[in-house]
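Read the figures in this text as sums done on the coordinates, not as results from a lab. Quick caveat: nothing in here was measured; it's all calculated off a predicted structure. So basically every Cβ, Gly included, is an ideal-geometry build from the backbone, and we count neighbours across all protein chains shown.
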Amino acid sequence: MPETFTQDPEKIVAALRVGHEELLASGRKTMLEATDAMEQTLGMFADADDKLADATDVEWMSRLLRARAAFARDMLSASSRFARQVLAP
């Protein structure tokens, strides 16, 4: 006759909780790393706009590129700050 295997339900729930917490912590870490990568990459685009603005002799183009770079940095700063607040444990 096969043996029935029973465990304490509280132990099962505790093990599931630990697993879920580890999964959430790993997800937070991954998303924070993705946020850092996004900041770095989009920051490079903003830097490129600034360099293009310095290189052009056309005033309106220079102003447009600087405005776009500033806008990108502002949006990037706000979205990164929001992401970090949401992901804070």
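Scanning for something closer than 30 Å to VAL86 by Cα, in a helix (DSSP H, G or I) and in contact (Cβ under 8 Å) with a residue 24 or more places away in the chain, does region 47-66 turn up at least one residue? No, region 47-66 has no match at all.
Scanning region 37-46 for residues that are surrounded by 13 or more Cβ atoms within 10 Å (Cβ to Cβ) and either among the small types (Gly, Ala, Ser) or closer than 17 Å to PHE82 by Cα (or both) yields MET38, GLU39, LEU42, GLY43, ALA46.
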